[in-house]
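Participant: Encoded as structure tokens, here's the structure I'll be asking about.
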Amino acid sequence: MRSYLHVITLVAVLPLALLTSWLIGRQVSVAREQLSMGLQQGASSMALMIDRELSASVEALQALAESSQLQKGDIRGFERRLRAFVSIRPAWSQVSLVEAQHGEVLSSVPGNRDTANEPLPPDFPIPRSAAEVEPYFSGLVRGPRPGQWHTRITMPVWRANQLRYYLHVDIDEKYWQNLIVGASPQRQGFVTLYDRSKTVIARTIKPNVHIGQPLPSHPARDSKPSGFHKIEVEGEDDSYVAWQEIAHSGWGVRMGVSAAALDHNKLIAFVSIAGTGIVSLFAGLLLSRMVATRIIKPLSILSQGKAASLRDEDTTVFEISMLRNAMLAAEQQRDLATQRLQAKAAEFETLFLMSPIGLSITLDPQANEVLRNPAKMALFNSPTQGPQRYEIVVNGRVLPPSEHPLKRAARGERIHNLDLEVRHHDGRVLKLIAYALPLLDLRGKPRGAIAIFVDVTERVQSQNKLLLAQARLEDNQHFITLAQKAGDVGFWDHRIEENRLTLTSGLSLLFGMGQAEKEITWEEWLAKIKHPDEATLTSLLREAWQDHQEQVNFQLQVQQGDMPERWLACRGVCVYNAQGAPIRMIGAVVDVTAQHQIEHERSRLIEQEQIARLEAEQANRAKDEFLAILGHELRNPLGAISAGIEVLNRISPEGDQPARMRQIISRQTRHLARLMDDLLDVARVIAGKIQLSVHPVSVRATVQRVVNTFKITGLTQAVEIDVDDVWVQADSVRLEQIINNLITNAGKYSPPDLVIQVIAKAHGPVVRLQVINHGPLIPPTLLPHIFDLFVQGERTIERRQGGLGIGLTLVKSLVDLHHGKVEVSTSDDRNIFTVELPAAQPDERAASEAPGLATHRRRVVIVEDNDDAREAVQLMLEVGGHEVIAHTDGDMGLHAILEKQPDLALVDIGLPGRSGYEVARAAREAGFVGWLIALSGYGQQQDVQRALDNGFDFHMVKPLDQQLLDDYLARPARELRLSLNELPAG
């Protein structure tokens, strides 16, 4: 107790002493801060005063430097002005003018020429332009006599764009000494003025000792323009000093006071604090000892448990009296608690013995001695007398005795909701839930344990039965769901009065609403139906309900989002109340989409079959008509040719009639060849086997060649040509074929006395070619089909127009291959056929090398086994002036080709002996370089390619086109290969 009182005394005294020390230290610190602020403000004021004095001198020097006398070079006038300035500037001891180059001196003090002409200091900045002129403030400079010092301000004078003079002002150190002494507010302190080299210029105390001496170096002062610090001066007391540098000049001012007085006051304050604290501490300890004696004695009596023997007069401390009364009351409560605890123990024993829950208690950390209630013994023993063996099983594993719940709790574990299975040897199996907690001593160590065992055997059995029933229900529901999904079946329950509709998972799936069971309103269900609409379906159901029908059948069409369209067959059973109003409708839905699609596909196939049958009948009629027309078109030229041959056989070869007959035979032969070419071209177009040799082609030259051909063949109408010099990107032969078929078609349907117009103009990126004929207009019903195969206008009975109805079809196909466009229109009494083809730039080489009809004699070998065909071609070429050698078989033909080396050889493919392919290969292997043309009655693409692969340069289909062959034979030989490659395939 005494120690506690001493501690309390220390706790009370020491903070007060520390606080007092802090306050005094704070006061000393504030005094130092105030001293620092005062010294810094004094130093700043003194520096400002010195700066103003220097600035006044600099302004006066600038006025002298800018005076008109000095600028004009009037030195005498400037001297008078100089002496006037000196008279009004008491600070100036001397003013001198020094010439920058020669050093001639003008001084305000006669006889001081040497002093005025002092050399410039090493760090003097010599200006290089008027803009760099600035005053220079020197440090302390020693005078000519001992103990004489002065400072100098130098102003460079710039005149006529060059440095001419230096103006010097000397200020004696006594002036600075008087200035700082007169302005110093400190009676006990000192003021020092120093230059940029930290040399003392003036000092208020002991100036004779310090002037001209350097200041001691100090890192803080050397690195900052102003500040406050404590310094040690040799031979003097320590001082607190504040300094302030003067702008522009590099000078500085120091103001300080002696540190001895301030440090003495500080020491007295700290000694007072320490003495007061020690005296207070000893006084407190003495008082605490006196008080402790009066407290310890009654507390000792109470500690011995003799509270009743302690009287009120034995202690004068009120708190000890309260403690005595409290201890007396505690003794009474302890006796009462003991009685209650004994009663509770009796109650707990009764509860322990009568509880239906099994309880085990052990106060042994090893759980060797265990107290069990009867319920616990009944759970772990047989009903008969005597212990029975049993096993405790957890998750199928038999627990060893060390892992029993009570044993584990005695080791400090906590057991919660542990499921146990107790298997007795008599066959009984009990389901228990175990709880076990450790009993801890004051140190928190286990000193025993308690375990509780609850019998849940009946509850577990009930739960197992419930789970089994639930599993069977879920299996049944799963089977129903699988049946709905597998059979595309769903069910609904419509509660009409509640306007609610319950859909099974199968029906939700059919409606694209997921696989879960849904409950929606009737309107929401109707909104998902695509067909029939809401009004139709509602009307159907109302009619059924009004007639009290028991069943309603209808079909729905649904489609939600990305799901495919479904057709559903619905059948609903209606339930009515006693008043006959419908209250419920339960129905089933079956997906009949597949059946509906089959029926739809069946209808579509029937429709296609009917269309195909009609098209087949139309094609059959078109075939019969085409065969009839073909027969008619072949009979006419064959009849004319036969009649002409017969006439030639009967008449004399002299006169006009034989020539006329030959013209008829030639014209009809060309007509037959054109019919065969058109048929073959249509077949190739349909098979997609036409190949184009596209290059720039002149439209004007092509139209002119076609018209010239018609003049030979005898077109009855005149052709009027209005064609610009335009070029298209096309196959020249196919372009001639397009123009030829259009003009031929126009000639068939135009009266002989009317003109056929051919117009070609450029229209932007295309060339528009128009063929216009006057006469009967094309019927409007025929216009959409005019380019179809075998389509023709109405013919008269004599079929004067002729043709097979394939010319315009060929035109349309060839234009499409050229990526062009062909159209037909009617206007007034005109039929207008318009062709648009891609425009091209003129090909100068092709234009300059346009084929002419120059007759060049060629040597030609013909190898043909058909006598009539061979003799006809031979006569045709001989009439054209060519040398012709003809043979009937391949061996003789090959011998003639190699021996005669002709310019051109026409070789039939099917020859006796060597075939035409073998002749071509042998000729090429022997070195023949002339041109080989294959003759054949077959004009398919594979026939042409096979001829080219075997060495032929070209392939021609019988009968030969005489005009085309003459045109190419008339070209120069060096162009023959290119020309033949441009010939049309077949």
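The values are calculated or read from the model by the stated rules, or taken from the named source; none is laboratory data. Keep in mind that what you see is a predicted model, and the values were worked out from it rather than measured. Methodologically, a virtual Cβ is constructed for each residue, glycine included, from the backbone with ideal geometry; neighbour enumeration extends over all protein chains shown.
Participant: Please go through region 410-459 and pick out each residue that is part of a strand (DSSP E or B) and over 24 Å from Asn368 (Cβ atoms). Explain how you work it out, then say what you get.
Facilitator: The initial filter retains those residues of region 410-459 that are part of a strand (DSSP E or B), namely 415-424, 429-440, 446-455.
Those that are part of a strand (DSSP E or B) and over 24 Å from Asn368 (Cβ atoms): His416, Asn417, Asp419, Glu421, Arg423, Val429, Leu430, Lys431, Ile433, Val454, Asp455.
Participant: Further, regarding this structure: Is it the case, given these coordinates, that Leu627 is at pLDDT 85 or above and either of a type outside the set (Lys, Arg) or in the same structural domain as His671 (by TED's automatic domain parsing) (or both)?
Facilitator: Details: at pLDDT 85 or above: no; either of a type outside the set (Lys, Arg) or in the same structural domain as His671 (by TED's automatic domain parsing) (or both): yes.
Considered against the rule, which asks whether it is at pLDDT 85 or above and either of a type outside the set (Lys, Arg) or in the same structural domain as His671 (by TED's automatic domain parsing) (or both), Leu627 comes out as no.
Participant: Turning to a different aspect of this structure: Please verify whether Glu99 is in the same structural domain as Tyr165 (by TED's automatic domain parsing) and more than 30 Å from Met255 (Cα to Cα), treating the condition exactly as stated.
Facilitator: Details: in the same structural domain as Tyr165 (by TED's automatic domain parsing): yes; more than 30 Å from Met255 (Cα to Cα): yes.
Considered against the rule, which asks whether it is in the same structural domain as Tyr165 (by TED's automatic domain parsing) and more than 30 Å from Met255 (Cα to Cα), Glu99 comes out as yes.
Participant: Something else: Which one is surrounded by the fewest Cβ atoms within 10 Å (Cβ to Cβ), of the residues in region 43-77 that are of a type in the set (S, T, N, Q) and more than 29 Å from Ser226 (Cα to Cα)? Outline the logic, then answer.
Facilitator: The first filter runs over region 43-77 and keeps only residues of a type in the set (S, T, N, Q), leaving 44-45, 55, 57, 62, 67-69, 71.
From what's left, more than 29 Å from Ser226 (Cα to Cα): 62, 67-69, 71.
On the way: Gln62: 15, Ser67: 17, Ser68: 10, Gln69: 16, Gln71: 15.
Result: Ser68.
Participant: Mind listing whichever residues of region 129-184 are surrounded by fewer than 18 Cβ atoms within 10 Å (Cβ to Cβ), of a type in the set (Asp, Glu) and in a helix (DSSP H, G or I)?
Facilitator: Listed by number, the list holds a single entry, Glu132.
Participant: While we're looking at this one, here's another question. Kindly provide the set of residues from region 495-518 that are touching a residue at least 60 places away in the same chain (Cβ under 8 Å), more than 20 Å from Val590 (Cβ to Cβ) and either aliphatic (A, V, I, L, M) or part of a loop (DSSP other than H, G, I, E, B) (or both), ordered by number.
Facilitator: Residues satisfying the conditions are Ile496, Glu497.
Residue by residue, here is whether (1) in a loop (DSSP other than H, G, I, E, B); (2) at pLDDT 90 or above; (3) within 16 Å of Ile933 (Cβ to Cβ); (4) outside the structural domain of Phe952 (by TED's automatic domain parsing) holds:
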{"residue": "Arg857", "(1), (2), (3), (4)": "yes, no, no, no"}
{"residue": "Val884", "(1), (2), (3), (4)": "no, yes, yes, no"}
{"residue": "Asp891", "(1), (2), (3), (4)": "no, yes, no, no"}
{"residue": "Leu906", "(1), (2), (3), (4)": "no, yes, yes, no"}
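Participant: Take Ile496 and tell me if it is surrounded by 15 or more Cβ atoms within 10 Å (Cβ to Cβ), farther than 15 Å from Leu556 by Cα, in contact with a Pro (Cβ under 8 Å, 6 or more places away or on another chain) and of a type in the set (Val, Ile, Thr).
Facilitator: Details: surrounded by 15 or more Cβ atoms within 10 Å (Cβ to Cβ): yes; farther than 15 Å from Leu556 by Cα: yes; in contact with a Pro (Cβ under 8 Å, 6 or more places away or on another chain): yes; of a type in the set (Val, Ile, Thr): yes.
So Ile496 fits the description; yes.
Participant: What number of residues in region 813-838 are closer than 19 Å to Val723 by Cα and exposed (fewer than 13 other Cβ atoms within 10 Å of the Cβ)?
Facilitator: Matching residues across region 813-838 total 0.
Participant: While we're here: Quick one: would you say Leu351 is outside any loop (DSSP other than H, G, I, E, B) and surrounded by 14 or more Cβ atoms within 10 Å (Cβ to Cβ)?
Facilitator: When the stated conditions are applied, Leu351 does not pass them.
Okay, residues lined up against (1) surrounded by fewer than 16 Cβ atoms within 10 Å (Cβ to Cβ); (2) at pLDDT 85 or above; (3) among the aliphatic types (A, V, I, L, M); (4) not in a strand (DSSP E or B):
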| residue | (1), (2), (3), (4) |
| --- | --- |
| Ile520 | no, yes, yes, no |
| Trp525 | no, no, no, yes |
| Arg542 | yes, yes, no, yes |
| His548 | yes, yes, no, yes |
| Gln555 | yes, yes, no, no |
| Pro564 | yes, no, no, yes |
| Gly572 | no, yes, no, no |
| Val575 | yes, yes, yes, no |
| Ala588 | no, yes, yes, no |
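Participant: Name the residues in region 399-421 that are touching a Ser or Thr at 6+ places or on another chain (Cβ under 8 Å) and either without any contact (Cβ under 8 Å) to a residue 12 or more places away in the chain or charged (D, E, K, R) (or both), would you? Full working, then the answer.
Facilitator: Step one: list which residues in region 399-421 are touching a Ser or Thr at 6+ places or on another chain (Cβ under 8 Å), which gives 406, 410.
Passing the criteria: none in range.
Participant: Let me ask something else about it. What's the number of the condition Ser44 fails, among (1) in a helix (DSSP H, G or I); (2) at pLDDT below 85; (3) hydroxyl-bearing (Ser, Thr, Tyr)?
Facilitator: That leaves (2) as the condition not met.
Participant: Sort out which residues of region 569-591 are free of Cβ contacts under 8 Å to residues at least 60 places away in the same chain and touching an Asp or Glu at 6+ places or on another chain (Cβ under 7 Å), and write them in order of number.
Facilitator: Val573, Cys574
Participant: Out of curiosity, is Ala934 in a strand (DSSP E or B), in the same structural domain as Leu911 (by TED's automatic domain parsing) and modelled with pLDDT of 80 or more? If you could, list the steps in order and put the result at the bottom.
Facilitator: Details: in a strand (DSSP E or B): yes; in the same structural domain as Leu911 (by TED's automatic domain parsing): yes; modelled with pLDDT of 80 or more: yes.
Against the criterion (in a strand (DSSP E or B), in the same structural domain as Leu911 (by TED's automatic domain parsing) and modelled with pLDDT of 80 or more), Ala934 qualifies.
Participant: Please tell me if Ser462 is outside any strand (DSSP E or B), over 30 Å from Ser505 (Cβ atoms) and hydroxyl-bearing (Ser, Thr, Tyr). Walk me through it before giving the result.
Facilitator: On the way: outside any strand (DSSP E or B): yes; over 30 Å from Ser505 (Cβ atoms): yes; hydroxyl-bearing (Ser, Thr, Tyr): yes.
In short, yes.
Participant: Report yes if some residue within region 422-439 is in the same structural domain as Thr362 (by TED's automatic domain parsing), of a type outside the set (Gly, Ala, Ser), within 16 Å of Asp364 (Cα to Cα) and in contact (Cβ under 8 Å) with a residue 40 or more places away in the chain; otherwise report no.
Facilitator: Our first condition is that a residue be in the same structural domain as Thr362 (by TED's automatic domain parsing); within region 422-439, this holds for 422-439.
This time we only want the ones that are of a type outside the set (Gly, Ala, Ser), so: 422-426, 428-433, 435, 437-439.
Then drop every residue that is not within 16 Å of Asp364 (Cα to Cα), which leaves 437-439.
Among the residues that remain, those that are also in contact (Cβ under 8 Å) with a residue 40 or more places away in the chain are: 439.
Taking every residue of region 422-439 in turn, at least one turns out to be in the same structural domain as Thr362 (by TED's automatic domain parsing), of a type outside the set (Gly, Ala, Ser), within 16 Å of Asp364 (Cα to Cα) and in contact (Cβ under 8 Å) with a residue 40 or more places away in the chain.
Participant: Right, here's the next one. Mind checking whether some residue in region 937-947 is of a type outside the set (Lys, Arg), more than 17 Å from Leu898 (Cβ to Cβ) and touching a Leu at 6+ places or on another chain (Cβ under 8 Å)?
Facilitator: Residues of region 937-947 that are of a type outside the set (Lys, Arg), as a first pass: 937-945, 947.
Cutting the leftovers down to more than 17 Å from Leu898 (Cβ to Cβ) gives us 937-945, 947.
With touching a Leu at 6+ places or on another chain (Cβ under 8 Å) added as a condition, the list becomes 939.
Yes, region 937-947 has at least one match.
Participant: Okay, next question. What do you reckon, is Arg80 surrounded by fewer than 16 Cβ atoms within 10 Å (Cβ to Cβ) and in a helix (DSSP H, G or I)? Give the derivation first.
Facilitator: On the way: surrounded by fewer than 16 Cβ atoms within 10 Å (Cβ to Cβ): yes; in a helix (DSSP H, G or I): yes.
Taking the combined requirement at face value, the residue satisfies it.
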